[in-house]
1. Considering only the other residues whose Cβ falls under 15 Å of the Cβ of TYR166, what net charge follows from Lys and Arg at +1 and Asp and Glu at -1?
2. Name the shape class, rounded, prolate or oblate, that the alpha-carbon gyration tensor gives for the chain, where a ≥ b ≥ c are the square roots of its eigenvalues, rounded holds for a/c under 1.5, and otherwise prolate holds if a/b is larger than b/c and oblate otherwise.
3. Working only with C-alpha atoms, what are the Rg and Dmax values of the range 146-221, expressed in angstrom?
4. Check ASP132: other-chain or 5+ apart residues with amide H under 5 Å from its amide H, H built from backbone geometry?
5. Calculate one ³J(HN,Hα) per residue across the range 116-130 by plugging θ = phi - 60° into the Karplus curve 6.51 cos²θ - 1.76 cosθ + 1.60, and present them in order as whole Hz with x for glycine and proline.
6. Name the long-range amide H neighbours of GLY45: under 5 Å, sequence gap of 5 or more, or other chain; modelled H, no Pro or chain starts.
7. LYS58: which lysines have alpha carbons under 20 Å from its alpha carbon, excluding same-chain residues fewer than 8 sequence positions away?
8. Of the candidates LEU193, LEU52, LEU233, which one comes out as most mobile in a Gaussian network treatment of the chain with C-alpha springs shorter than 10 Å?
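Laboratory data are not the source of any read-out in this text; all were calculated from the coordinates shown. Just so it is clear, the structure is predicted and the values come from calculations on it, not from any experiment. All Cβ positions, glycine included, derive from the backbone under ideal geometry; neighbour counts span all protein chains shown.
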Amino acid sequence: MGENPHVWHYGLMAERWAEFNNEAREVPYFLSKIEQYGQPVLDFGCGTGRVLLPLLSKGVDIDGCDFSDDMLKFCRQKAKQAGFNPNLYQSSMHTFEIPRKYKLIYICDSFGLSGSRDNDLETLKRCYSHLDNCGALVVNIQADYSDPDWWSMWLSENRKSLTAPYPEKGNGRIASDGSEHFGQFRLTAFDPLNQSYVREVRLEKWVEGKLDRIEEYTLRGNIYFKHELLLMLKVAGFHDIAVCGDYTEEMATADHEEIVFTAIK
């Protein structure tokens, strides 16, 4: 097995996600898949419940799993406030193991964060083992070539800038409790050969005009393209794999920013 996950979803980052990251445009797409394949459902990498909670509110029988206890803490709090008590599991995706089987599992914006390519493949195998026969896995990847700044990092001359300091702090975001949150993000490593990257973040929280906390975290991820993930899904045992774009039923093209795979057990 490869390296352990190296993610930044703790402390102030988890608080930031819970407070400011609540848009869930993917929900209609997942509801259509749930209607097609059935329940129960597993949100693999559920975070603070951005997608899980709207599905719960629609009456979906759904569980969640995340590597970060901090993210799950906020997910539980938000679920309780809405009158729900979902099953939430703290585990890395490549070691997840429970007796329950699912009709649908989805990984939304989290694939490639398991620590290594071996772990990412094991994650797909874990999904396969936790699905009922004829169940479906839905997983997306970002089309990195659609972002000019990100795609420019494939050129060696542009990677020389990765030693740059954090950008300017910019304007803060005001939370529901009145606290002000700042986030500075930077890319510190990009390896085109191994298709991997490292990002860092510096976070500040201010309360009543005074600095309350400052934290720094590192995120390490792997980059995938269409045919590589198709092959991995087949190695994991899946078949009848559909590849769509931007959480629609349209066949994926080079103009889509997100590539969404639906694979059948």
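1. Working: positive: LYS169, ARG186, ARG199, ARG202; negative: GLU168, GLU200, GLU204, GLU215, GLU216.
Net local charge, TYR166 excluded: -1.
2. Working: a/c = 1.79, a/b = 1.18, b/c = 1.52.
Oblate, since a/c reaches 1.5 and b/c is not below a/b.
3. Calculated on Cα positions, Rg and Dmax stand at 15.4, 47 Å.
4. Placed amide hydrogens put TYR102, LYS103 under 5 Å from ASP132.
5. 7, 5, 4, 5, 5, 5, 5, 4, 5, 5, 5, 4, 4, 5, 9
6. Under 5 Å from the amide H of GLY45: CYS65, ASP66.
7. LYS33, LYS78, LYS80, LYS103
8. Answer for the Gaussian network model of the chain: LEU193.
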